[in-house]
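Peer 1: Have a look at this one.
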């Protein structure tokens, strides 16, 4: 059944009917941010399940105010902005280190189009690295690289295509998504993956510290989570309660631990401080939001 257009007045009536107290600012906020983004996006922690089952419609907990939902919405938006800032730095690091390491080992400018330059085409050997679907992933990566090299309309790619015999990886990689880079890294030869890990440690200034080594397995798990969280931020999806990974076991707080590997310690402290400030700010603004954040594990953020 199609959803019919509702005026701002009708939109205000909906949360009122569902037990949410609105105020004089509600109409302006709805006009600016939209009902769908705030109410549909952030009502979940405030739902009264028993009352909803009885009413066969959404019902919120007693005392819920529209400002509580709006506070959680604002926190999440600010959290996305702060987190994305550091995730794209991690993305840039992985892109640079992977393209440098691969190009160093395979000196022809278009070596990335030769599948023999990646991990052995043995399904069993690839599985030993903790990965699956080797042939499918290699073909998918090869197709993506070939299409970018031959069909991309990005100005810098077209320039190289017009003025040079081939497009080197360190140029092409700037047209690759974080997901492309993750797959590329996963398919590199094992000794090159180890070198990528070492160079990431060096580049983030962690050599000799307790974060001075991490394995290729840790790198693969971390990159999978970072790519997914990066996309959540880029696509304006809910971040504070996001859980990713095969078993949906990586939440925001655990993602921070993975991200720490790919940024400097000063950058990591900056991010943690920004998140802690946001949590404090919006917890003070709404007691209901404070309870929600505590349940999500945000109470431990400032202890880093």
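The values are calculated or read from the model by the stated rules, or taken from the named source; none is laboratory data. Note that the structure is predicted; figures quoted are calculated from it, not measured. Ideal geometry is used to build each Cβ from the backbone, glycine not excepted, and the neighbour counts take in all protein chains shown.
Rundown of residues vs (1) farther than 30 Å from residue 233 by Cβ; (2) surrounded by 13 or more Cβ atoms within 10 Å (Cβ to Cβ); (3) more than 31 Å from the chain's Cα centre (by Cα); (4) touching a residue at least 40 places away in the same chain (Cβ under 8 Å), yes/no style:
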{"residue": "9", "(1), (2), (3), (4)": "yes, no, yes, no"}
{"residue": "28", "(1), (2), (3), (4)": "no, no, no, no"}
{"residue": "32", "(1), (2), (3), (4)": "no, no, no, no"}
{"residue": "36", "(1), (2), (3), (4)": "no, no, no, no"}
{"residue": "69", "(1), (2), (3), (4)": "no, yes, no, yes"}
{"residue": "82", "(1), (2), (3), (4)": "no, yes, no, yes"}
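Peer 1: Among the listed residues 210, 228, identify the single one that is buried (at least 18 other Cβ atoms within 10 Å of the Cβ) and without any contact (Cβ under 8 Å) to a residue 40 or more places away in the chain.
Peer 2: After applying the criteria, what remains is 228.
Peer 1: A follow-up question, please. Kindly indicate whether any position in the range 290-304 is modelled with pLDDT under 95, under 23 Å from residue 90 (Cα atoms) and not in a helix (DSSP H, G or I).
Peer 2: Yes, the range 290-304 has at least one match.
Peer 1: Look through 268, 282, 298 and report the one residue that is over 23 Å from residue 61 (Cα atoms) and buried (at least 18 other Cβ atoms within 10 Å of the Cβ).
Peer 2: 268
Peer 1: A follow-up question, please. Could you go through the range 187-195 and let me know if any residue there is modelled with pLDDT of 95 or more, closer than 30 Å to residue 213 by Cβ and more than 26 Å from the chain's Cα centre (by Cα).
Peer 2: no
Peer 1: Moving on. Can you name the residue in the range 243-283 that is modelled with pLDDT under 95 and in a loop (DSSP other than H, G, I, E, B) and is also nearest to residue 178 (Cα to Cα) among such residues?
Peer 2: Among residues in the range 243-283 that are modelled with pLDDT under 95 and in a loop (DSSP other than H, G, I, E, B), the one nearest to residue 178 (Cα to Cα) is 245.
Peer 1: Let me ask you something else. Among the residues of the range 150-170, how many are assigned to a helix (DSSP H, G or I) and either over 14 Å from residue 113 (Cβ atoms) or more than 26 Å from the chain's Cα centre (by Cα) (or both)? Outline the logic, then answer.
Peer 2: So the first thing to find is which residues in the range 150-170 are assigned to a helix (DSSP H, G or I), and the list is 150-151, 155-163, 169-170.
So of that shortlist, the ones also either over 14 Å from residue 113 (Cβ atoms) or more than 26 Å from the chain's Cα centre (by Cα) (or both) come out as 150-151, 155-163, 170.
So the count comes out to 12.
This table checks each residue for (1) part of a helix (DSSP H, G or I); (2) modelled with pLDDT of 85 or more; (3) within 29 Å of residue 233 (Cβ to Cβ).
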| residue | (1), (2), (3) |
| --- | --- |
| 95 | yes, yes, yes |
| 108 | no, yes, no |
| 130 | no, no, yes |
| 136 | yes, yes, yes |
| 142 | yes, yes, yes |
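Peer 1: Moving on to the next point. Kindly indicate whether residue 146 is assigned to a helix (DSSP H, G or I), surrounded by fewer than 15 Cβ atoms within 10 Å (Cβ to Cβ) and touching a helix residue (DSSP H, G or I) at 6+ places or on another chain (Cβ under 9 Å).
Peer 2: Spelling it out, residue 146 is indeed assigned to a helix (DSSP H, G or I), surrounded by fewer than 15 Cβ atoms within 10 Å (Cβ to Cβ) and touching a helix residue (DSSP H, G or I) at 6+ places or on another chain (Cβ under 9 Å).
Peer 1: Let me ask you something else. Just the residues that are touching a residue at least 40 places away in the same chain (Cβ under 8 Å) and either farther than 17 Å from residue 68 by Cβ or assigned to a helix (DSSP H, G or I) (or both), please, taken from the range 11-26.
Peer 2: 15, 26, listed by residue number.
Peer 1: With part of a helix (DSSP H, G or I), touching a strand residue (DSSP E or B) at 6+ places or on another chain (Cβ under 9 Å) and within 30 Å of residue 111 (Cα to Cα) as the only criterion, which of 224, 191, 202 stands out?
Peer 2: Only one candidate passes the filter, namely 224.
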